[in-house]
Amino acid sequence: MQKSSINAWLLSGAVILSMAPVLMYQGKEFKATDSINITAIESVSPGYKPWFEPVIKPSGGEIETFLFATQAAIGSGVACYILGLYKGRTERRKIEEAATSTEYQASLSGRLL
């Protein structure tokens, strides 16, 4: 297969996977997990009081969305940094091993680089 046809298949698969939930649950109401959990806790234990209150209460849904997106961006940045760090270490180790191997073979033949 050509690279362009593989990319086209991957792109179409991503579109199908992203649109499937939207089409399957069309017209249904989505609730946040916090509100679902609060309802479940109140039905099990009506007198339940939370252990603590949030330090800062966001003024609206947009602020909550912004904070969630910022948290996701920071988390992905840290994860990508760690992946890049380990990849760089692996490549450097391979280069050093190749250089050591070349020097060793040269010394066996009586020539140093």
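At-a-glance table
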| quantity | calculated |
| --- | --- |
| Cβ-Cβ under 9 Å pairs, at least 6 apart or on other chains, region 36-58 side within 27 Å of Phe68 (Cα to Cα), far side at pLDDT below 80 and open to solvent by 100 Å² or more (accessible area, probe 1.4 Å) | Thr39/Lys31 |
| Qualifying helices (runs of 4 or more DSSP H) (wholly inside the chain; at least 3 residues being polar (S, T, N, Q) and open to solvent by 80 Å² or more (accessible area, probe 1.4 Å)) | 33-44, 61-108 |
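The values are calculated or read from the model by the stated rules, or taken from the named source; none is laboratory data. It should be emphasised that the depicted structure is a prediction, and the values quoted were computed from it without experimental measurement. Virtual Cβ from ideal backbone geometry, glycine too; neighbours counted across all protein chains shown. Note: accessible area is taken over every heavy atom of the protein model, side chains too, but ligands, DNA and RNA are not part of it. Shrake-Rupley method; radii C 1.70, N 1.55, O 1.52, S 1.80 Å.
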